Amino acid sequence: MRAVLNKEGENSAYSGWFNPADDPNNYAPLNVRDEIASIEHIMMYDDAASNWGHRDTIMNKQYTRGKYRIAYDNKRLALVQQFDEEICGLLYRSHRQCRQSEPARQTEISGCLK
């Protein structure tokens, strides 16, 4: 018998053009790599406005898996980080043995906004 309990955390960020009333041509094209690096830097080192919640979620040692989902076009970027911990216990196996049988951490990057 196996019991699974998930604890989860999530960070999200958006950058670039977002107001449909504005003309998107008034916005400079985004450099996706630079924008992701900027978002990550802000979440880790300049997050006081969020009471350091983004950094705390990223650094939480309880989370054993993480997924990054990114959608973008040349004027906007949306990024979501999802973290979770799977606590699994088998009737005759320890938590450590269960942990070792889990798949490696994974990263997902997908999509473009249309």
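FYI, it's all coordinate maths here, none of it is from the lab. It should be emphasised that the depicted structure is a prediction, and the values quoted were computed from it without experimental measurement. Virtual Cβ from ideal backbone geometry, glycine too; neighbours counted across all protein chains shown.
For this structure, a couple of remarks:
- Simple spin-label estimate for A71 and D84 in nanometres, 7 Å along Cα-Cβ: 2.0
- Note on R33/Q62: beta-carbon distance plugged into 1/(1 + (r/R0)^6) with R0 of 25 Å gives a FRET efficiency of 0.25.
- Least to most buried among K75, K61 (fewest other Cβ within 10 Å first): K61, K75
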